[in-house]
1. Could you check how many residues of segment 253-270 are within 29 Å of VAL233 (Cβ to Cβ) and either in a strand (DSSP E or B) or among the small types (Gly, Ala, Ser) (or both)?
2. Search segment 301-312 for residues being in a strand (DSSP E or B) and either outside the structural domain of ASP338 (by the TED database) or open to solvent by less than 10 Å² (accessible area, probe 1.4 Å) (or both), and hand back the single one that is farthest from GLN266 (Cα to Cα).
3. Considering only segment 226-248, I want to know if a residue exists there that is under 21 Å from the mean Cα position of the chain (by Cα) and buried (at least 21 other Cβ atoms within 10 Å of the Cβ).
4. Looking at THR329, THR298 in this structure, which one is assigned to a loop (DSSP other than H, G, I, E, B), in contact with an Asp or Glu (Cβ under 7 Å, 6 or more places away or on another chain) and among the hydroxyl-bearing types (Ser, Thr, Tyr)?
5. Please state which one of ALA94, ALA98, ALA71 is loosely packed, with under 15 Cβ neighbours inside 10 Å and in contact with a strand residue (DSSP E or B) (Cβ under 9 Å, 6 or more places away or on another chain).
6. Contact list please: Cβ distance under 6 Å, first residue in segment 335-364 and among the aliphatic types (A, V, I, L, M), second residue open to solvent by 70 Å² or more (accessible area, probe 1.4 Å), pairs at least six apart or on different chains.
7. Here is a list: ASP48, ASP103. Which entry is part of a strand (DSSP E or B) and either surrounded by 15 or more Cβ atoms within 10 Å (Cβ to Cβ) or outside the structural domain of GLY22 (by the TED database) (or both)?
8. Considering only residues that are in contact with a Lys or Arg (Cβ under 8 Å, 6 or more places away or on another chain) and part of a loop (DSSP other than H, G, I, E, B), which ones fall in segment 87-100?
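The values are calculated or read from the model by the stated rules, or taken from the named source; none is laboratory data. Only a predicted model underlies this, so the values are computations on that prediction, with no experimental measurement involved. Neighbour counts are summed over all protein chains in view; Cβ atoms, including those assigned to glycine, are modelled from backbone coordinates with ideal geometry. Just the protein is used for accessible areas: all its heavy atoms, side chains included, with ligands, DNA and RNA removed. Shrake-Rupley method; radii C 1.70, N 1.55, O 1.52, S 1.80 Å.
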Amino acid sequence: MPRSTTPKKKGAPKRLEISRIGAQGDGISHGADGDIYVPFTAAGDVVDVWLEPGLRGTMRASLEAIVAPGADRAEPSCRHFGSCGGCSLQHLTADAYAGFVRDRVKTALSQHGLGDVPIEAPHISPPGSRRRLALKALRTSRGVLLGFNQRQSHHLVDVKECPIARPALVALLKPLRAVLGDLLTLRAGLDITLTDSDSGIDLLISGRVSLDLARREALATFAESHDLASVHVLDDGFLDPVSVRRAPKMRFGEVEAPLPPGGFVQATKEGEMALLEAILEWTAGVTHCADLFAGIGTFSLPLARHSTVHAVEGARSAVEALRKAVHGTQSLKQVTLDHRDLFRRPLAAHELNRFGSVIIDPPRAGAAAQMTELARSAVPAVIAVSCNPNTFARDARLLVDGGYDLVCVRPVDQFLWSPHVELVARFLKTA
């Protein structure tokens, strides 16, 4: 169990029993005065807590002790659990965690009147599979801290291990601290992004960095000694390619696409393949598809093996990467590219009507404007990928109200032991 960080208080703690896990991963105890939210607890736990006011009139609690563990509780696998904000559900059994993932989606759908939609068993990426880490680095009087923020805090947890990440990324944490020590002044911080691409690890350092010759050579030596594909520094909008030993690339099906420094990829290969399996299954026989928020071609390039694809993306670097991938491959059907901000200028219904299927994978905020146009269209099928069940449910309601049937939802969890849940869903036009 995580150590209590609660200051000594007068009186006695309150004893509660946890009945279920809420959408944000906290245990919930039902009391006479309403629900009380207790982090790091599982259904069936009997706990002692200290109560404190929460947001919007709720009551929260800090955990003092687990008096009796429930059947859903497991031993966390990481020494940082309870302090690191990356994982909040590592204390659940595998079955309890899978149930949380499914319930997380069902709850979001129910809030928009879609609670009866079939939800398939979730696909959950295994430990050691995360191929991208977004870290923070801070120089202190005791040395460089490198890791993740503490839960609901700006305090940085110096991470020594990470059971969710690929071992190759974890192995870089210790040597990376040493090289960052020469880049940082006291109390200065940097954002660090590590991506294990299919051609090697890409390191992106973001923040104010003064790169003299000695520091450039140190970063180049670091890249050489640890066989990194590339090292870039992003300072005030200027991207400096300090060391590019191999161009970072991602392989989608039989096609390689360049990966821009710090560019978006699905968090795990296993999750990417689960999403792609659903998309290819649901587009079988479709000859003309649109891929909205296409990125560097995660879905567009495999789709183009059997369908012509119109790929739309707002980030210019991603569009250029996809263009290079398409032009470097002879075995694809036609792929057309459109650099377009779908938030400000969504594809209109009359532009969408020529497609047999539309795939849409927006950011966490969802895509209400684009979904509104899809709802007005005559597209026979829509496949939605989402990293936020709440905005997905909101947008799904727009499609359903526009004459679509939400046939099924498949949860795909790439962020193991966190409340962050992804999914892929199929809509068919019925009216």
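1. 7
2. First, the residues of segment 301-312 that are in a strand (DSSP E or B): 308-312.
Then drop every residue that is not either outside the structural domain of ASP338 (by the TED database) or open to solvent by less than 10 Å² (accessible area, probe 1.4 Å) (or both), which leaves 309, 311-312.
Values: VAL309: 20, ALA311: 17, VAL312: 18 Å.
This residue is VAL309.
3. In the first step, residues of segment 226-248 are kept if they are under 21 Å from the mean Cα position of the chain (by Cα); the result is 248.
Narrowing further to those that are buried (at least 21 other Cβ atoms within 10 Å of the Cβ): 248.
Yes, that holds for at least one residue.
4. Working: THR329 fails: in contact with an Asp or Glu (Cβ under 7 Å, 6 or more places away or on another chain).
Just one listed residue meets the conditions, THR298.
5. Working: ALA98 fails: loosely packed, with under 15 Cβ neighbours inside 10 Å; ALA71 fails: in contact with a strand residue (DSSP E or B) (Cβ under 9 Å, 6 or more places away or on another chain).
The match here is ALA94.
6. LEU337/ARG323; ALA349/ARG376
7. Working: ASP103 fails: part of a strand (DSSP E or B).
Exactly one residue qualifies, and that residue is ASP48.
8. The answer is SER88, HIS91, THR93.
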